[in-house]
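In what follows, a single structure is set out as C-alpha cells and then discussed.
The values are calculated or read from the model by the stated rules, or taken from the named source; none is laboratory data. Because the structure is a prediction, the values reported are computed rather than measured. No Cβ is skipped: glycine too gets one built from the backbone with ideal geometry, and neighbour counts run over all protein chains shown.
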C-alpha cells in the first residue's frame, strides 16, 4: 500500500491541485460563484419541465415526472460535461506538456473529478425535490452507487479517447458536439421509453447512458421506469451488453491514451 | 573537486526524428483525402538528434552547448522525459527536476499564494510541504505584500522572483537547467549564480544548457558540444568553449561566397579607384590587414582609411593615412596599383570584428567605400565584457601604517 502511494504520489499531488485550481477558476469573477453549479441544471430543468411536462404533457402516466426528468438531466449533464470538457483538455495544457513531464492522465482525471463534485452538488438538489415530492427511499436506492460508478467509468473512458484523438485530429471537437446533441435525443431523457415503438426502444436502451439513466430512475424515483430488464422481458443477462460496452470502451480508451500520451508533448 | 564515480545519467545511442507533415494532417478530411493523394510525399523527416551517447556522474556540473538548432534543447527534453527518443535509451538515477522554464503551471488568474501551491505541486510538493516552506519562499522573493494579488497584476520581475524562489526549493538529485535561468537583470543573475554555486557545493548533479561560454568555463566540470544533431566533442570546458568559437569561424568561411552577393550593396563609390581583395591575419599580438588599391583614373590627394566594427555595429576604432602621417603616396595615375598593409596592436577581446575600408579624397569624393570588407575572430582564454582589452598593467605600492606620515607631507 505504501509502495502504491509512493508510486502515484506525484499524480495524487497534481490531481488534488488541478481539481482545486479548476474549481477556483470555474466561477471566478461571477457574483453567484458556486451557486451556478446548482442554478444551471435547475434553470434547464425548469425550461424542459414547462415544455415537456406542462405544455406537451409527455410525462403523463409517470409518477413524479419532474424528479424523473431532473435526475435524467443531471446524469446526462455530467456525461456531457466530462466528455465535452476533455476533448480539448490535453491540447489546452500544451504549454505545460512541453515544459515538464508528468502523468498526462491526471489532466483528464482532474476534469472528471471536478465534474463529479458538481454531480454530487446536483444530487443535493435532487434530494431536495424528492423530499418535496414525498418520494420515499427503499434499499433499492443503494443501487445508485454502482450506477454512478458505471457513469464515472463510461464518461472518463470516452473522455480519454476523445482527448487523445483531438491532439491529432482537430475536427473531433465539432464532430463530438454533433454526436452529443444527437445522443441527447436518442437517450430517453425527456420522453418515457414507453412512448416510442418497442423495437426502437430495444435498441436505444442498449447504450450505457440510457441504461444508467433508466436504472437510476428506477432505483431512486419510481419503479414504473422502463429499465433494460423490463424492455427485454426480464432477461438478467441483457445487462451484460451496456456493461460490456462500458468495459470495452474503457479498456480500449486506456490503451489508446497510454500509447499516444508519450507523443503529446511534440504533437500538440 | 572530483565527482563521484557513480553514473547517474546514461544516454545510449539516442536518436530523435520529428515527422513534419508539409500540411499538417490534423483534420479528418485531410486524413482521408491526403492519404490517398500524397502517400509518403506530404511528410518530411527532420533529424533532431543522431546517435547520442554519454554518461554523467554524480555531482558533475555538465554543460551542453551548441548553436541554435543544433539539437541541444531536444536532448534536454528527452532527458527530462518530455520527448520520447525514436531509438536508444536513457537511464537516470535519482529524482530529476527540469527547469525548461521558470514557474511552470503559473496561472495569471490565480493569486500569488495559489500559484505557489500550484507550482509546488508541479515540482512534486504536497500541500503540507508547501505550507512549511511558504514563509521562506515569500521572504526570498520579497513579495510579502503581494501574495494575495492575482498574478496578472504582478510585474514580470515580480513573477520571475516568485518562480525562482520556488525553483530553488526543488528537492532534486539531478537538475536540468535551460538557459532561461540566465535571463533577467544583473541582480537576478547574481542570485542565479549564487544558487549554482550552492548546488555545486551540495554535490547536486546539474545539466546546464547554455550559449554563455563564460558560464561554461566558470561552472562546468565537463561539457558536451553538439553540432548538426551529433556530438562533436565531450571534454574540458575550456576546450569545448574553444571548439564552439571555432564553429562560428568555420561557418564564416563557408558563407563567404554568399556574402559576396550581398557585399555589392554594402560597397559603393565612383569606382575610379578600388580596393582589391582584403586579407586579415593575426600574428602574435598584431592584427595585419593587407589589401591593395588599383586606379582606373588619375586621383589626387586620396585618403585611405580603415574602420573596425563590433558585431553589434559600434565603431571601435578608425584611422587613415592622414591621421597617422603615412608615407606620402597620395596621388595615383591611371592604372597605378599600390599595396597596403595595416598593422595594429590586437587589443580586441574575444569575439568577431568587421573591417570597413574607405577610399576618398580631400574634397569629399568617395571612390570606394567597402562596408564589412572582411572580418576576423579573436579568441582569448579570459574574457571580460568590454569590447577591447589593451595591455594594462598596474603597479602597487604597499604603504605601512607607520610610513603614512611621510606620504601626507607630499
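Things worth noting here:
- Yes/no for residue B:88 being part of a loop (DSSP other than H, G, I, E, B), under 31 Å from the mean Cα position of the chain (by Cα) and more than 10 Å from chain A (Cβ to nearest Cβ): no
- Candidates A:133, A:127 - the one that is surrounded by fewer than 22 Cβ atoms within 10 Å (Cβ to Cβ) and either without any contact (Cβ under 8 Å) to a residue 40 or more places away in the chain or within 14 Å of chain B (Cβ to nearest Cβ) (or both): A:127
For every residue, the table says whether it meets (1) modelled with pLDDT under 90; (2) more than 19 Å from residue B:51 (Cβ to Cβ).
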position	(1), (2)
B:200	yes, yes
B:226	no, no
B:233	no, no
B:236	no, yes
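- Residue in region A:204-225 that is part of a helix (DSSP H, G or I), away from every other protein chain (no Cβ under 14 Å), exposed (fewer than 14 other Cβ atoms within 10 Å of the Cβ) and modelled with pLDDT under 95 present: no
- Residue B:94 vs. criteria in contact with a strand residue (DSSP E or B) (Cβ under 9 Å, 6 or more places away or on another chain), farther than 25 Å from residue B:18 by Cβ and not in a strand (DSSP E or B): yes
- Each residue in region B:295-315 was checked for being surrounded by 15 or more Cβ atoms within 10 Å (Cβ to Cβ) and either assigned to a strand (DSSP E or B) or in contact with a helix residue (DSSP H, G or I) (Cβ under 7 Å, 6 or more places away or on another chain) (or both), and 11 of them qualify.
- Qualifying residue in region B:32-51 (condition: crowded, with 22+ Cβ neighbours inside 10 Å, over 25 Å from residue B:122 (Cβ atoms) and either within 11 Å of chain A (Cβ to nearest Cβ) or at pLDDT 90 or above (or both)): yes
- Within this structure, residue A:188 fails the test of being within 19 Å of the chain's Cα centre (by Cα), buried (at least 20 other Cβ atoms within 10 Å of the Cβ) and part of a helix (DSSP H, G or I).
- The listed residue being surrounded by 13 or more Cβ atoms within 10 Å (Cβ to Cβ) and within 14 Å of chain B (Cβ to nearest Cβ), out of A:100, A:144, A:153: A:100
- Check on residue A:71, part of a helix (DSSP H, G or I), within 14 Å of chain B (Cβ to nearest Cβ), surrounded by 14 or more Cβ atoms within 10 Å (Cβ to Cβ) and at negative phi: no
- Among the residues making up region B:125-142, those that are within 32 Å of the chain's Cα centre (by Cα) and either crowded, with 16+ Cβ neighbours inside 10 Å or not assigned by TED's automatic domain parsing to the domain that holds residue B:175 (or both) are B:137, B:140, B:141.
Rundown of residues vs (1) surrounded by 12 or more Cβ atoms within 10 Å (Cβ to Cβ); (2) touching a helix residue (DSSP H, G or I) at 6+ places or on another chain (Cβ under 8 Å), yes/no style:
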| residue | (1), (2) |
| --- | --- |
| A:8 | yes, no |
| A:17 | yes, yes |
| A:43 | no, no |
| A:67 | yes, yes |
| A:75 | yes, yes |
| A:81 | yes, yes |
| A:87 | yes, yes |
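- Filtered residues of region B:108-124 (kept if in a loop (DSSP other than H, G, I, E, B), at negative phi and either under 34 Å from the mean Cα position of the chain (by Cα) or more than 9 Å from chain A (Cβ to nearest Cβ) (or both)): B:108, B:123
- Those helices (runs of 4 or more DSSP H) of region A:227-268 in which 2 or more residues are under 30 Å from residue A:106 (Cβ atoms) and within 13 Å of chain B (Cβ to nearest Cβ) occupy A:240-261, A:264-267.
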